[in-house]
Every structure is written in C-alpha cells, then in structure tokens.
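Accompanying notes for the structure given below.
The values are calculated or read from the model by the stated rules, or taken from the named source; none is laboratory data. Owing to the predicted nature of the structure, the values given are computational and were not obtained by experimental measurement. Every residue, glycine among them, receives a Cβ derived from its backbone with ideal geometry; neighbour counts consider all protein chains shown.
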Amino acid sequence: MVTGGSRGIGRAICLRLAGSGVRVAINYVANRQAAEETQRLIADDGGTGALYQADVGSLEETDAMFSRIESELGAVDLLVTNAGIARSGDNLAMDPGIWRETIQVNLHGTFHCVWRAKDKMLEREYGRIVCVSSLLGLKTNTISAERLIAYGTSKAAIIGFVRYCAAAFGPHVRVNGVAPGYIDTDMTADVSDEAREMLINATPLKRIGEVQEIAELVNFLLSDKSSFTTGRTHVAAGGMGI
C-alpha cells in the first residue's frame, strides 16, 4: 500500500513496486483522475494496482480503507507512507490552522497507517514499512526557515517515529525512512528560477533528483536486499546537507 500514490514520488513508487510483482493498493485523497492514470500506467506495464480513496489524516477514513484493502487484496505486507502536504506561511501568515493541517496529514497520517497495519504484520511475523520524510526534517533551510516551521517539524517527527517503531516492532517487522532532497515534482514546480539555481548549486551532484531515484531506494528498503536494515532514515539528496 502506498499513500499519496496518485502523482509525483508516490506514483513512481507504485510503478516501481508493481514492476517488482507487487499488487499495489494506491491511496489518493481527491484527485481520482491522477490516481486512475497511475493505475493505467501500472496496467500498461503488466502490473496490478487498485484504487483506495481516503484522507489518511482521518483515523476513521484510514481504518475503513484498510478494511477494504484487507477484504479485497489481503493484509498489507508492505506499507509506504508517502502522503503529505507543504503548507507554508511566514511568522505572521502561518496561523494555527496551517500548523494543525500540516501535522494532521504529514505526521498523524503516517501514524494512522502504520498503527493500522502493524498488528497484522506482528501477528504474521512479517512486515516492511517505509515512511517518507524530507531532508528538511534533518537539516534546517535557514533561508526559508520562517516559512517551513510546520512542514519541517512534521518531517522531523516522522524520523523519530521511524526509530521508535523499528525498535518496538522488531525482529520481524522492519521500519525505515526516506528523506528526499530537492526532487522534480509538482510540489517543487513553483520554486523560482533563482531559488532553483541556489538549490542546484548547494547540491554536490549539481542537479535535481528524479522521482524514479526515490522509488528505487524505497523498493530496496522493502526488499530482502535490505534485510539487515531497520530504524534508519536514508537521505537521497544528491549530497545536499553533508
């Protein structure tokens, strides 16, 4: 199951997992057309994907979605919590509503899905979880810090959540995180040319990341190739932040 699987990094993860032979439950919250496009791309490549609408920030909707998945596809073996929003506002514009919405989707949404999936994983003694965070959860963007307080805090909390869940769910359930840097997605499309150039110059690899590169890392962490890896958030940022 991949949350936020309708576009961007989530879509790339869905396609990569389906290409590995996984039956993918594609979660989306509102953009059904984009989710259907993800499903079509999976089918065109010979894979299997099913659509499940839910706002993961809602415990009730998340629970209902998991019940549908379990009845139609079976229990979730592999979980990727990717759904997230990036609401920003400076010190004056960021009101409690922006804070609550950001924390609700990014952090609580991650918690809701992991908590709903983990009992059956522990019961079966098998489970793989990857929580998508951000480089901004590890490294503060001092240039735009006043606009990223809620977002950066939510992503930092996910990194701590990964550590504690990995320790609590072992030895049969592995939990890892992924912290992308500047990736070419719809979420970063409105970055100004000046800011874009600054970000590229601050990246040792001197380029923007591609969604497929994040998907490859997630696929690795869900596979048996990473069988001795748990509790860590793995940075994919072209060297930014080192």
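If you go through the range 222-242 and keep only what is assigned to a strand (DSSP E or B) and among the β-branched types (V, I, T), you end up with T233, V235. Can you pull out every residue in the range 122-145 that is of a type in the set (K, R) and assigned to a loop (DSSP other than H, G, I, E, B)? Matches in the range 122-145: K139 only.
Output the residues belonging to the range 17-27 that are within 16 Å of V211 (Cβ to Cβ) and either crowded, with 23+ Cβ neighbours inside 10 Å or at pLDDT below 95 (or both).
Hits for the range 17-27 are L17, A18, V24, I26.
Restricting the first member to the range 207-235 and to residues that are over 14 Å from N176 (Cβ atoms), and the second to residues that are in a loop (DSSP other than H, G, I, E, B) and aliphatic (A, V, I, L, M), the beta-carbon pairs closer than 8 Å and six or more apart or on different chains are G209/A237.
Against the condition touching a Leu at 6+ places or on another chain (Cβ under 7 Å) and assigned to a helix (DSSP H, G or I), how does L107 come out, does it pass? Here the answer is no, as L107 does not meet what is asked. Filter the range 63-98 for residues that are within 30 Å of N141 (Cβ to Cβ) and among the hydroxyl-bearing types (S, T, Y); which is surrounded by the fewest Cβ atoms within 10 Å (Cβ to Cβ)? So the residue we want is S88.
With the requirement that a residue be in contact (Cβ under 8 Å) with a residue 60 or more places away in the chain and of a type in the set (D, E, K, R), what does the range 174-200 give you? Scanning the range 174-200 gives a single hit, D186.
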